[in-house]
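The values are calculated or read from the model by the stated rules, or taken from the named source; none is laboratory data. What you are looking at is a predicted structure, and each value in this text was computed from that prediction instead of being measured. Glycine gets a Cβ as well: all are built from the backbone with ideal geometry, and neighbour counts include every protein chain shown. Ligands, DNA and RNA are stripped out before the accessible areas are found, and what is left, the full protein with its side chains, is counted by its heavy atoms. Shrake-Rupley method; radii C 1.70, N 1.55, O 1.52, S 1.80 Å.
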Amino acid sequence: LLSVGLLSKLHAPGAASAWRGDWQTDAGVTDANCGGAAVDLEGRVYGMLRIWAPLTHGRSSGIGFLLPWARIQEALPGLRAGRTWRRGLMGISWKRNVDAPTIEEVTPGSPAEAAGLKAEDRVTAVDGEPIDSIADARRLLRYRWEGEKLSVTVTRAGPKKAETRTVEVTLGGRPE
C-alpha cells in the first residue's frame, strides 16, 4: 500500500496534544498502513505512520501523523529492556467547581502520595509550565508515560500563610 503526501507541520515537543513532537502529513494514513515507514523519494526514513484518533479527526480527515525516526531510536533501548509505554498515573482527582486546579483526593499508595502531594494542594505548574485551570493540568498530564518523572509545583495552605513547594513525581502504571 503506497500513500503519497507532504510533511506539513512539526508539532512542538511540548505541544498540548497527543501529537506533540510528531510530524503532520496530508498522506492518507489508515488502519491498513499505520505502523508503516514514512520515507522520502530517495528512501530515507522519516518515521512511522500513526493512526489518528477517529473520534476527534474522523476517518477521512485528510490528516495523518508520523512518529519521527529519532524518537523511535530513542525508545529502542527501553523496548529491548522490556519497558512498557503505558500512559502514566499520578493518582489524584481534581476538585470540581473551583477556579484553581486543586487536588480533591490523593489515592493511597499512589505516586502522588509517595511524592507528598495532599488533598487541597493547588497545582500551579508541571515541569515549569504554569497551570491556571484543570484543563491546563489535564493537557500537560494526559500524554505522559509510566516511569516518567514530573516536576509538580503546588501551593499548600498553611496555618499562617500559603507555602509553595515543588516535588518530583514518578508516574506509575494504570491498572489494566
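Worth pointing out:
- Based on C-alpha pairs under 8 angstrom that are at least 6 apart in sequence, the stretch 72-159 has a relative contact order of 29 percent.
- Axis of helix 69-80 versus longest Cα principal axis of the chain: the two differ by about 70°, to the nearest ten degrees.
- Per-bin percent of Cα-Cα distances, the stretch 87-176 [10 Å]: 18, 55, 24, 2, 0
- Mean separation of Cα contacts under 8 Å, 6 or more apart, over the residue count of the chain: relative contact order %: 16
- Within the chain: Cβ-based charge dipole about Cα centre, in debye rounded to nearest 20 (Lys, Arg +1; Asp, Glu -1): 200
- GNM top mover of 135, 119, 81 - the chain, alpha-carbon springs below 10 Å: 81
- Solvent-accessible area of the stretch 71-155 (1.4 angstrom probe, protein heavy atoms only): carbon and sulfur portion equals 49 percent.
- Amide H contacts of residue 47 (H built 1.01 Å from N, under 5 Å, at least 5 apart or other chain): 38, 69
- Nearby aspartates and glutamates by direct alpha-carbon distance to residue 9 (threshold 19 angstrom, same-chain neighbours under 8 apart not counted): 22, 26, 40
- 24 Å Cα-Cα reach of residue 95 towards lysines, excluding residues that sit fewer than 8 places from it in its own chain: 118, 149, 160, 161
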